[in-house]
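The values are calculated or read from the model by the stated rules, or taken from the named source; none is laboratory data. Source: prediction; values computed, not measured. Note that we place each Cβ from the backbone using ideal geometry, even for glycine, and neighbour counts take in every protein chain shown.
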Amino acid sequence: MAFTQGDVFLCRQELSLSDFNADDFERKNIKLPQKIATASPVRQASYLAGRQAARQALQMAGESGEFNIGSDAGGCPQFPPAVVGSISHVRTGERIEAVCLLARTTSARSLGVDLENIMSRDIAAAVFNQVCDASEKLLLKSNLHFTENVALSLIFSVKEALYKALWPEVRQIFDFTDVAVVAVHPLCQTHYYLYLPDQIQCGYCDITLKRTLAPGVTQGRCYRADWILTDKQVLTSVLVS
């Protein structure tokens, strides 16, 4: 499945673990890095699905050739110079889903995408203090009437997307608590509102930095994170212009 709007491209690939074989890399002409070759079959399948989504997005963006998207020392995908991109993948049972968000550099300096399964209530309760504070949870629950696990899944995902979007500039690890969701705007048309046919809500959040991370990435700076929610998953993205 794929979606495009202007200079922004979003592609999704699905892969069944029962059908996956490491030989699929050679058949699909996708380079298998040594680090991935020694990883688990789930990790290999996730990598393959992500690179397939990236290749499709590059083709949609008009990039010719069959690019092999490698990774830098930090594990970030390396795209051709004319575009910026981000990949995310998630496992649901025996199915791997991967998404690639891509934009031309004329439209974005960097970006991040994240796809997550909705957390169970037990997991949400266990990780709550690591992901957000009480004001963030209250903000989402009061505006969207989400259950706690859905609210936390959304907060987790938008912060993951922001982390990926800022990494090229900051090149340092920062915590979930270093950023805060300060406003939520539900039921609006996002960039990708047609992407998931079973969506139940969509909108965007305002996220602000609670500390300075790098020159130009300073305390108080605000970013927009688009989100789409289904009853099972949340998809989020951040574009930095």
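Okay, here's what the table says:
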item	result
In region 78-91, residue nearest to PRO168 (Cα to Cα) [restricted to those that are surrounded by fewer than 18 Cβ atoms within 10 Å (Cβ to Cβ) and modelled with pLDDT under 95]	GLN78
Output for region 25-51, where each listed residue is touching a residue at least 12 places away in the same chain (Cβ under 8 Å), assigned to a loop (DSSP other than H, G, I, E, B) and surrounded by fewer than 16 Cβ atoms within 10 Å (Cβ to Cβ)	LYS28, ASN29, LYS31, PRO33
Breaking point among (1) in a loop (DSSP other than H, G, I, E, B); (2) surrounded by fewer than 20 Cβ atoms within 10 Å (Cβ to Cβ), for ALA108	(2)
From GLY62, GLY70, residue being at pLDDT below 95 and at positive phi	GLY62
Residue in region 111-124 that is farthest from the chain's Cα centre (by Cα), counting only those that are assigned to a strand (DSSP E or B) and of a type in the set (A, V, I, L, M)	LEU111
Criterion violated by VAL127 - all others in (1) assigned to a helix (DSSP H, G or I); (2) of a type outside the set (S, T, N, Q); (3) buried (at least 22 other Cβ atoms within 10 Å of the Cβ) satisfied	(3)
Extreme residue, surrounded by the fewest Cβ atoms within 10 Å (Cβ to Cβ), among residues of region 153-171 that are of a type in the set (D, E, K, R) and in a helix (DSSP H, G or I)	GLU169
ALA54 being touching a Cys at 6+ places or on another chain (Cβ under 6 Å), among the small types (Gly, Ala, Ser) and not in a strand (DSSP E or B)	yes
Residues satisfying the stated conditions in region 128-150, i.e. over 16 Å from VAL179 (Cβ atoms) and under 19 Å from the mean Cα position of the chain (by Cα)	ASN149, VAL150
Verdict on PHE3 being modelled with pLDDT under 90 and more than 29 Å from ARG171 (Cβ to Cβ)	yes
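Yes/no matrix, rows are residues, columns are (1) out of contact with any Pro (no Cβ under 8 Å at 6 or more places or on another chain); (2) over 26 Å from LEU17 (Cβ atoms):
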position: ALA53; (1), (2): yes, no
position: GLY74; (1), (2): yes, yes
position: SER110; (1), (2): no, yes
position: SER135; (1), (2): yes, yes
position: LEU140; (1), (2): yes, yes
